[in-house]
Amino acid sequence: MSKSLIIVESPAKVRTIRKFLGPEFMVEASVGHVRDLPSSSLGVDEEHGFAPQYEVIQGKEKVVSELRAAAAKADTVYLAPDPDREGEAIAWHVQELLRSKAKDIKRIQFNEITRKAVLEALRHPRDVDMDLVQAQQARRILDRLVGYKISPLLWRTVKRGISAGRVQSVALRLIVDREGEREAFVPEEFWVFKALVQGAAGEPFRLNLVRYQGRKVAIASLAEAEALEAALTGLPFVVSRVDSKMRNRQPQPPFTTSTLQQAANQRLGYGARRTMNIAQRLYEGIEMGDGNVTALITYMRTDSVRISDEAQAAARTFIGTTYGDSYLPAEQRVFKTRESAQDAHEAIRPVDVTLDPETVRPSLTAEQYNVYKLIWSRFVASQMADAMYRDTTITADCGESQWQTRGQCQIFDGWQRVLPGEKDNLLPEVHQEEKLAVQALEKEQKFTQPPARYSEASLVRTLEELGIGRPSTYATIISTLEDRGYVEKKERTFVPTELGRVVCQQLLENFAKLMDVHFTAQMEDALDKVAEGHESWDELLAAFAGEFNPTLASATVNMKTVKGGMETELRCPQCGEPLLIRFGKAGAFLSCKSYPACKFSSNFERDEHGHLLIAEAPKPTVVGTCPDCGRDLIIKRARTGSRFIACSGYPDCHYSAPYSTHVTCPQCGKGEIVEKSSKKGRIFYSCSAYPKCDFSTWNEPVARTCPDCGSPYLVVRTTRAGSVLACPNKECSYSCSLSEENED
């Protein structure tokens, strides 16, 4: 019997697809990329058409050997990596490695992992799309040229081990520029007025001052506010207009990659990388209660809002059956995909709309359920009837001033049946010419606010609007900025670190065009033209190198070094010399210019205008007595951020111990869970008996028994509402606020 081999990217897909097919099909995984440019050299022959010098990725030799052996047994090899440019490149690399073994190689793709989709793909195989491959190859070489050639300049002038990236550096500039705008911002005072009034019937309500003496209100000082208050006090409020009209609110289209990342960040507090990892699992398949592996969503890397006719018909049937025909729009909804989007496959949607979130919840983790519910609800809502509201606007006059308030009442929930939206804001019934009783005239001082820092959601939205990168790369861009230590999060928004500021400044001064938002967007458009077969990949690279190489040569000579430190306006409190910002293993710090003659150093912070301030030295917390010398034991922090216990007599006494949470290890029952940190500075908790016991967790354990299931410890988790104590058992849903814990 003839055999066919299907090669997918991930092992998780293997088990999902195997259940669809008979014994005549072998299914194997490439486990992502199998070839890449070398890590120890540029790997691009610039003198001969930018020919890449690919090699098998270290650690993938066994995978490649197994794929070759399987290909030799097959009559046809079907390459089935993900249906995007990255997947097309992986398919080509696998094809190149299997050419000598395989009899026949074809490319197939499917947008959802279902029996019907896989069999349909097998009926329509094609050749690898070399236009897509060359576009991806050009992107990889561009990124290699930039990163491999600029990074050494940053090592020489700033700090070893850091890097530059063609797209990530522009994203960094957005964050740094926004911080600069905030620091330069000068708040302006303004005053707002509200009037608490009541008509002949109904409850009191508030009116907002909107115009005075025929002009839009602009009250800039207390004196102006008091003068206006005096002019209005005692004057009657009379209703001049009551306007009421119907308003239909349409649903949003199904998710694309970027809108899913934005919504997951705004509603769930998930970062882009976390969201995409969860979505990947939902796409590849989840083991259900019956033991079968079921794919729940379509491919999650897309910028199209199109959905198939079949999916639309299934949604209409489900909506009509579940909610009634009144929830169906008169005509099927068609959402327009923006012109710059790639329309290769559908929007993100559930594979089977009848599998509602509550049905599959027992088979999902909490975060998988949250993301699936988000995707399912958005898709179903997109195919439902409009929500209908009655909007009411009350306008009242008081002397030369005009006041307004707006209210709304939902008449029909429509799509908001599955995605609740605006709440009712009911106003009492009043009539034109009715006089309103004034209960209070309220004035409030306010100040204009600086531009908001970027959250993950707003950064993703901005990157997409500006055409920087592509939706499939946003998660990587953001995680790279964090991993390199160029940005950090404060209150779920991005703040550039000192290292990020310096790197951005160095690149702006020496690679202005590369850091230009419009140039980066134009490069993305050029890569799109390569993918469409309208432009040659090597000509694109030649044009780029023609401008880049002279700029690089100039930067090699002119880039100023800051390795010795950057002088500040601050003076050393010990000797009066200027203080410098220097970069160490634990980050930026202040150090005296006359070091080593003066050894003063300190952490620092910036005020709201970006001015440097010497940080106050933290008071050490005494936690015991040193068993070696009898001095106080205090809590210190390692360079990577984790706490540990050390003798206050250091360097005379070298006693130290891990910082214990006093929670017994749930895995071995012998060690205690202690705090540690990774090389990149991320805090985690692991067993003190490591390496004999390998238990670890990202969440801080707390020595408190779960009242619901009896777990001997709880963990601290961060939610949108703040930090909570939660049970670590997946089967238990117990949680409480930290304030409740403190009350106990």
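The values are calculated or read from the model by the stated rules, or taken from the named source; none is laboratory data. Nothing here was measured: the structure is a model prediction, and the numbers come from that model. Neighbour counts are summed over all protein chains in view; Cβ atoms, including those assigned to glycine, are modelled from backbone coordinates with ideal geometry. Please note that ligands, DNA and RNA were not included when accessible areas were found on the heavy atoms of the full protein model with its side chains. Shrake-Rupley method; radii C 1.70, N 1.55, O 1.52, S 1.80 Å.
Does Ala381 satisfy being of a type in the set (Gly, Ala, Ser), open to solvent by 30 Å² or more (accessible area, probe 1.4 Å) and in contact (Cβ under 8 Å) with a residue 60 or more places away in the chain?
It is false that Ala381 is of a type in the set (Gly, Ala, Ser), open to solvent by 30 Å² or more (accessible area, probe 1.4 Å) and in contact (Cβ under 8 Å) with a residue 60 or more places away in the chain.
Restricting to strands (runs of 3 or more DSSP E) lying wholly in the range 619-703: which have 3 or more residues that are open to solvent by less than 60 Å² (accessible area, probe 1.4 Å)?
Numbers: elements: 622-625, 632-637, 643-647, 656-658, 660-664, 672-677, 683-687.
Passing ranges, in order: 632-637, 643-647, 660-664, 672-677, 683-687.
Looking at Thr493, Thr480, Thr476, Thr497, can you tell me which residue is closer than 21 Å to Ile348 by Cα and either of a type in the set (S, T, N, Q) or open to solvent by 60 Å² or more (accessible area, probe 1.4 Å) (or both)? Talk me through it step by step, then tell me what you get.
On the way: Thr493 fails: closer than 21 Å to Ile348 by Cα; Thr480 fails: closer than 21 Å to Ile348 by Cα; Thr497 fails: closer than 21 Å to Ile348 by Cα.
None of the other options fit; the residue is Thr476.
Regarding Val557, is this residue open to solvent by 30 Å² or more (accessible area, probe 1.4 Å) and among the aliphatic types (A, V, I, L, M)?
Here the answer is yes, as Val557 does meet what is asked.
Can you name the number of the only condition in (1) closer than 30 Å to Tyr734 by Cα; (2) in contact (Cβ under 8 Å) with a residue 40 or more places away in the chain that Asp694 fails?
The number of the failed condition is (2).
Just to be sure I understand, how many residues within the range 704-720 are of a type in the set (Val, Ile, Thr), part of a loop (DSSP other than H, G, I, E, B) and surrounded by 13 or more Cβ atoms within 10 Å (Cβ to Cβ)? Working first, answer last.
Taking the range 704-720 and keeping what is of a type in the set (Val, Ile, Thr), we get 705, 715-716, 718-719.
When the remaining residues are screened for being part of a loop (DSSP other than H, G, I, E, B), the result is 705.
Adding the requirement that they be surrounded by 13 or more Cβ atoms within 10 Å (Cβ to Cβ) leaves none.
The total comes to 0.
Keeping to the range 365-376, report how many residues are open to solvent by less than 20 Å² (accessible area, probe 1.4 Å) and either under 24 Å from Gln408 (Cα atoms) or part of a loop (DSSP other than H, G, I, E, B) (or both).
Counting residues in the range 365-376 that are open to solvent by less than 20 Å² (accessible area, probe 1.4 Å) and either under 24 Å from Gln408 (Cα atoms) or part of a loop (DSSP other than H, G, I, E, B) (or both) gives 0.
Take the residues in the range 57-81 that are within 32 Å of the chain's Cα centre (by Cα) and farther than 16 Å from Arg140 by Cβ; name whichever of them is surrounded by the most Cβ atoms within 10 Å (Cβ to Cβ).
By that ranking, first place goes to Ala80.
Gly87 passes all but one of (1) in contact with a strand residue (DSSP E or B) (Cβ under 8 Å, 6 or more places away or on another chain); (2) open to solvent by less than 30 Å² (accessible area, probe 1.4 Å); which number fails?
Gly87 satisfies every listed condition except (1).
Is it the case, given these coordinates, that Tyr454 is modelled with pLDDT of 95 or more, assigned to a strand (DSSP E or B) and either at negative phi or open to solvent by 50 Å² or more (accessible area, probe 1.4 Å) (or both)?
Details: modelled with pLDDT of 95 or more: yes; assigned to a strand (DSSP E or B): no; either at negative phi or open to solvent by 50 Å² or more (accessible area, probe 1.4 Å) (or both): yes.
In short, no.
Surrounded by fewer than 20 Cβ atoms within 10 Å (Cβ to Cβ) and among the small types (Gly, Ala, Ser), is that true of Ala117?
Spelling it out, Ala117 is indeed surrounded by fewer than 20 Cβ atoms within 10 Å (Cβ to Cβ) and among the small types (Gly, Ala, Ser).
Could you list all residues from the range 213-259 that are among the β-branched types (Val, Ile, Thr) and surrounded by 12 or more Cβ atoms within 10 Å (Cβ to Cβ)?
Val217, Ile219, Val238, Val239, Val242, Thr256, Thr257, Thr259, listed by residue number.
Considering every residue within the range 573-594, establish whether at least one is open to solvent by 90 Å² or more (accessible area, probe 1.4 Å), at pLDDT 90 or above, on the phi < 0 side of the Ramachandran plot and touching a Gly at 6+ places or on another chain (Cβ under 9 Å).
Among the residues of the range 573-594, at least one is open to solvent by 90 Å² or more (accessible area, probe 1.4 Å), at pLDDT 90 or above, on the phi < 0 side of the Ramachandran plot and touching a Gly at 6+ places or on another chain (Cβ under 9 Å), which makes the answer yes.
Can you name the residue in the range 27-36 that is within 30 Å of Asp528 (Cβ to Cβ) and part of a strand (DSSP E or B) and is also least open to solvent (accessible area, probe 1.4 Å) among such residues?
Ala29
Can you confirm whether the range 429-439 contains a residue that is under 38 Å from the mean Cα position of the chain (by Cα) and open to solvent by 70 Å² or more (accessible area, probe 1.4 Å)? Please lay out each step first, then the result.
As a first pass, look at the range 429-439 and keep what is under 38 Å from the mean Cα position of the chain (by Cα): none.
No, that holds for no residue.
Could you go through the range 37-55 and let me know if any residue there is modelled with pLDDT under 95 and crowded, with 20+ Cβ neighbours inside 10 Å.
No; the residues of the range 37-55 include none that is modelled with pLDDT under 95 and crowded, with 20+ Cβ neighbours inside 10 Å.
Where the second residue is charged (D, E, K, R) and not in a helix (DSSP H, G or I) and the first is over 14 Å from Gln137 (Cβ atoms) and open to solvent by 20 Å² or more (accessible area, probe 1.4 Å) and lies in the range 517-541, which pairs have Cβ atoms under 6 Å and are six or more apart or on separate chains?
Once the first residue is over 14 Å from Gln137 (Cβ atoms) and open to solvent by 20 Å² or more (accessible area, probe 1.4 Å) and sits in the range 517-541, its partners that are charged (D, E, K, R) and not in a helix (DSSP H, G or I) give Phe519/Lys513; Lys529/Glu535.
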